[in-house]
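Everything on this sheet refers to the single structure shown next.
Laboratory data are not the source of any read-out in this text; all were calculated from the coordinates shown. Because the structure is a prediction, the values reported are computed rather than measured. With ideal geometry, Cβ positions are generated from the backbone for all residues, glycine too; neighbour counts draw on all protein chains shown.
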Amino acid sequence: MPNPWKERVLAYNKKRAQADEKAADLMTLLNALPPGQIKNLMKDETCAAILQKYGIIEE
């Protein structure tokens, strides 16, 4: 009989790895933006809050 916990753990680890990859990809894109584009994003209150949450600050 297969271990049901093993399947759950493997599914969780796969989902976690996908989320980590997305986060890394988005940070790569943000870091590639010129400062002017980040400044434009900072003008939007929602975008500014998200960027500040992850340590992206206006230069």
Task: Phi to ³J(HN,Hα) by Karplus 6.51 cos²θ - 1.76 cosθ + 1.60 over region 35-48, Hz, x for Gly, Pro - done: x, x, 6, 5, 4, 4, 5, 5, 6, 7, 4, 5, 5, 4
Open item on the list: Amide H of Leu33 versus every other amide H placed in the peptide plane: which residues, excluding those fewer than 5 positions away on the same chain, fall under 5 Å?
Closed with: none
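Can you list which of the chymotrypsin sites (Phe, Trp or Tyr not before Pro) found in the chain are DSSP loop residues with at most 12 other C-beta atoms within 10 Å? Each step should come with its number before you reach the end.
Values: sites: Trp5, Tyr12, Tyr54; in loops: Tyr54.
Loop-located and lightly packed - Tyr54.
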- [ ] Just name one of Gln18, Thr46, Pro34: the one whose Cα is farthest towards the positive end of the charge dipole of the chain (beta-carbon charges, Lys/Arg +1, Asp/Glu -1).
- [x] Gln18
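When you count, for each residue, the other Cβ atoms within 10 Å and take the mean per peptide, how do 44-52, 16-24 rank with the highest first? The partial results should precede the final answer.
Numbers: 44-52: 12.0, 16-24: 10.1.
Highest mean packing first, the order is 44-52, 16-24.
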